[in-house]
1. Of the conditions (1) crowded, with 18+ Cβ neighbours inside 10 Å; (2) within 30 Å of the chain's Cα centre (by Cα); (3) free of Cβ contacts under 8 Å to residues at least 12 places away in the same chain; (4) in a helix (DSSP H, G or I), B:Leu14 satisfies every one except a single condition; which number is it?
2. Determine whether segment B:139-154 contains at least one residue that is assigned by TED's automatic domain parsing to the domain that holds B:His105, more than 16 Å from the chain's Cα centre (by Cα) and under 16 Å from B:Leu81 (Cα atoms).
3. Can you name every residue in segment B:122-144 that is crowded, with 17+ Cβ neighbours inside 10 Å, under 20 Å from B:Ser112 (Cβ atoms) and not β-branched (Val, Ile, Thr)?
4. Pull up segment A:50-75, narrow it to residues that are β-branched (Val, Ile, Thr) and touching a Lys or Arg at 6+ places or on another chain (Cβ under 7 Å), then point me to the one that is most open to solvent (accessible area, probe 1.4 Å).
5. Quick one: which of A:Leu107, A:Leu82, A:Leu71 is aliphatic (A, V, I, L, M) and not assigned by TED's automatic domain parsing to the domain that holds A:Val139?
6. Would you be able to tell me the number of residues in segment A:174-198 that are in a loop (DSSP other than H, G, I, E, B) and either open to solvent by 100 Å² or more (accessible area, probe 1.4 Å) or in the same structural domain as A:Asn146 (by TED's automatic domain parsing) (or both)?
7. Given the criterion assigned to a helix (DSSP H, G or I) and more than 8 Å from every other protein chain (Cβ to nearest Cβ), identify the matching residue among A:Cys60, A:Cys72.
There are 2 protein chains.
Amino acid sequence: MYYPEPVAKLIDELMKLPGVGPKSAQRLAFHLLNALEKDALGLAQAIVSARQKIRQCSVCANLTEQDPCPLCLDPTRDQSLLCIVEQPKDVVAMEKTREIKGKYHVLHGAISPMDGIGPEQLTINLLLSRLRDSQVKEVVVATNPNVEGEATALYLSRLLKPMGIKVTRIAHGLPVGGDLEYADEVTLAKAFEGRKEM
Amino acid sequence: MYYPEPVAKLIDELMKLPGVGPKSAQRLAFHLLNALEKDALGLAQAIVSARQKIRQCSVCANLTEQDPCPLCLDPTRDQSLLCIVEQPKDVVAMEKTREIKGKYHVLHGAISPMDGIGPEQLTINLLLSRLRDSQVKEVVVATNPNVEGEATALYLSRLLKPMGIKVTRIAHGLPVGGDLEYADEVTLAKAFEGRKEM
């Protein structure tokens, strides 16, 4: 051991963060030791506080301080439209568009047999009990456009269509500001397939 | 505000870390919210504990849990050799070589007028009072081989030589395993200048 025990322990704990290796952990540890007292302890306090105060909304499974969350309680939102996303950060990304007038449901992941994640590890049971006796007419599946996200979308559409709910998927195509030359062939094929009359 | 306040606060605090932007801070925050309770609170506890227990050694200014630090107390170390480094992590780097038998002194920076760091911001006064009446015969200046490190080395050599102490500088040259082709010209010139008879 070259470092005093509390420093070594701090480096160890920092190395558990995603994308933080030994060198970054060391750099962060020395930053925290040299930073202002209020900044270093502020981070510690913020971690404790977030862990204590944040829970899952019992309606939509989004992270929230109060249950049900403000989005679920908002009476101005369209009760007939439900947007399904993988993660809480996806709710934030969708909200930034200011285009979605409906409600949300957070799956907390996507179906991925390779990682041992099946439908029962997601909040799909909560989704089903929520849709029963609800006013939801359309479910927009906004999972990520990758293998796991597509598998989840397919699974949900097979599950929800028999309930008489319209299931839609967000569009694939070229990102705005993109360039045909740099688009991969699958995206380009999807963009062609999803063409619209002008 | 799209995030609940405790999450937003956590993201804010994480963004104060070096090299952590908004996206990384968000990723780290969600990691901490989804991680095991013991891992998330373990990090918070490690920060608080490191801040509380770690101080500067009153002899060598290295970070330590006990004062004087174990390195300063070690009677097997050569009292006549003192290695001066910029940062506590440099002590660890030097110790990993297992070649340095002497003691250390940590400057906590290098002279850098551009950043407003002069000799009085470093632990040079502590160094001088330490060298007075000491058995130190040679001081090895192991500051970084950049402009600030060289300036600091020059300053120290002018300060310490009149005290009758031999001042040496770690060698410049090609790193072991390096390649002539990829060495910059200054390093190559220094390597040539520092050539030794075989």
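The values are calculated or read from the model by the stated rules, or taken from the named source; none is laboratory data. None of the values given here were measured: they were computed from a predicted structure. Please note: Cβ atoms are built from the backbone with ideal geometry, for glycine as well, and neighbour counts cover all protein chains shown. Ligands, DNA and RNA are excluded from the accessible area calculation, which covers all protein heavy atoms including side chains. Shrake-Rupley method; radii C 1.70, N 1.55, O 1.52, S 1.80 Å.
1. (3)
2. Yes, segment B:139-154 has at least one match.
3. The answer is B:Leu122, B:Leu126, B:Leu127, B:Ala142.
4. Selected residue: A:Val59.
5. Going through A:Leu107, A:Leu82, A:Leu71 in turn, just one is aliphatic (A, V, I, L, M) and not assigned by TED's automatic domain parsing to the domain that holds A:Val139: A:Leu71.
6. 5
7. Just a single option satisfies the conditions, and that option is A:Cys72.
The rows are residues; the columns are (1) open to solvent by 20 Å² or more (accessible area, probe 1.4 Å); (2) under 15 Å from B:Ser49 (Cβ atoms); (3) basic (Lys, Arg).
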position: A:Gly19; (1), (2), (3): yes, no, no
position: A:Lys23; (1), (2), (3): yes, no, yes
position: A:Arg27; (1), (2), (3): yes, no, yes
position: A:Leu43; (1), (2), (3): no, yes, no
